[in-house]
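A.B. asks: Shown below is the structure under consideration.
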Amino acid sequence: MFETTRPTLTRRHFLHAAAAGSALLGVGMPMLARAAAPLAHMKLPYAENALEPVIGAQTVGIHWGRHHKGYVDNLNKLVVGTEFEGKSLVQVVMDTAGKADKQALFNNAGQIFNHDFYWQSLKGGGGGQPGAALARKIDEAFGSFAEFKKTFAATTVGQFGSGWGWLAMDTSGKLKIVKTGNAEVPMTQGLKPLLTIDVWEHAYYLDYQNRRADYVNAVIDKLANWEFAERNLGA
Ligand code: MN
């Protein structure tokens, strides 16, 4: 099993966590010995209306500001006084996966990881063609970019109920398309995530109602951040 890294997020989380600790000191609150700083809710990498018209500002505002933030708030409460306090997000995800008595921790940590990854997987003016390194690997695995898009959309749309569609890479470097249910992550299958699409209804219902396929195809064609996916090949 490889170590999954999130170069941009890890640093951002650390800086926010450090700032939160300083704020506590600033108001004269005693710092508990070995108390871990809370995990920060990641900042959106763009404005809430940056994904319009594919995903409306109201959807992004509620999705990021309430759903995503809710998972962060929940996890920060759940870890207090446990062995998971102060562990990295990915460590919490991997150490709680598949453990029935750790389901709430896994669900919240997994959803934070997945949403952190989702916002970075999108950008206004995205879509189009991936860069050469990623395009070559896509051709190797799926025959052509057109075939890849078809399979990625069909697999993602076909997730029954809430979940995620992923472009991921196995330990031999081969690209795979997988779907995961609820808060599940690709890393527990030995896969490194490259790009994701959220297909929980909260991700698209205000804009597309029950037309999940329209949402997924529009995201792939107009919002996919292939530079992010390509960076993840080597991250
Ligand atoms: Mn979501």
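The values are calculated or read from the model by the stated rules, or taken from the named source; none is laboratory data. Please read these numbers as outputs of a predicted model, since none were measured by experiment. Virtual Cβ from ideal backbone geometry, glycine too; neighbours counted across all protein chains shown. Side chains are part of the model used for accessible areas, which takes the heavy atoms of the whole protein and leaves out ligands, DNA and RNA. Shrake-Rupley method; radii C 1.70, N 1.55, O 1.52, S 1.80 Å.
A.B. asks: For segment 201-235: of the residues being over 16 Å from the mean Cα position of the chain (by Cα) and polar (S, T, N, Q), which is nearest to Asp116 (Cα to Cα)?
C.D. replies: Ranking the qualifying residues of segment 201-235, first place goes to Asn217.
A.B. asks: Ok, one more. Take Gly125 and decide whether it is in a loop (DSSP other than H, G, I, E, B), within 30 Å of Asp95 (Cβ to Cβ) and more than 16 Å from the ligand (Cβ to nearest atom).
C.D. replies: In short, no.
A.B. asks: Next up: Any residue in segment 198-222 that's farther than 19 Å from Lys179 by Cα: show its pairings with residues that are within 14 Å of the ligand (Cβ to nearest atom) and of a type in the set (Val, Ile, Thr) at Cβ separation under 7 Å, as long as the two are six or more apart or on different chains.
C.D. replies: Leu206/Thr59; Asp207/Ile55; Asp207/Thr59
A.B. asks: Does segment 143-157 contain any residue that is within 16 Å of the ligand (Cβ to nearest atom) and not in a helix (DSSP H, G or I)?
C.D. replies: no
The rows are residues; the columns are (1) among the charged types (D, E, K, R); (2) open to solvent by 10 Å² or more (accessible area, probe 1.4 Å); (3) not assigned by TED's automatic domain parsing to the domain that holds Glu48.
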| residue | (1), (2), (3) |
| --- | --- |
| Asn76 | no, yes, no |
| Val79 | no, yes, no |
| Thr82 | no, yes, no |
| Glu85 | yes, yes, no |
| Asp95 | yes, yes, no |
| Gln111 | no, no, no |
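A.B. asks: (1) away from the ligand (no atom under 16 Å from the Cβ); (2) buried (at least 18 other Cβ atoms within 10 Å of the Cβ); (3) farther than 25 Å from Glu52 by Cα: which one isn't true of Thr180, the others all being true?
C.D. replies: Of the numbered conditions (1) away from the ligand (no atom under 16 Å from the Cβ); (2) buried (at least 18 other Cβ atoms within 10 Å of the Cβ); (3) farther than 25 Å from Glu52 by Cα, the odd one out for Thr180 is (1).
A.B. asks: Can you name the residue in segment 201-216 that is of a type outside the set (A, V, I, L, M) and surrounded by fewer than 18 Cβ atoms within 10 Å (Cβ to Cβ) and, of all such residues, is nearest to Tyr46 (Cα to Cα)?
C.D. replies: His202
A.B. asks: Now for a separate question. Do we find a residue being under 20 Å from Glu184 (Cβ atoms), open to solvent by less than 10 Å² (accessible area, probe 1.4 Å) and within 15 Å of the ligand (Cβ to nearest atom) anywhere in segment 63-71?
C.D. replies: Looking through segment 63-71, at least one residue is under 20 Å from Glu184 (Cβ atoms), open to solvent by less than 10 Å² (accessible area, probe 1.4 Å) and within 15 Å of the ligand (Cβ to nearest atom).
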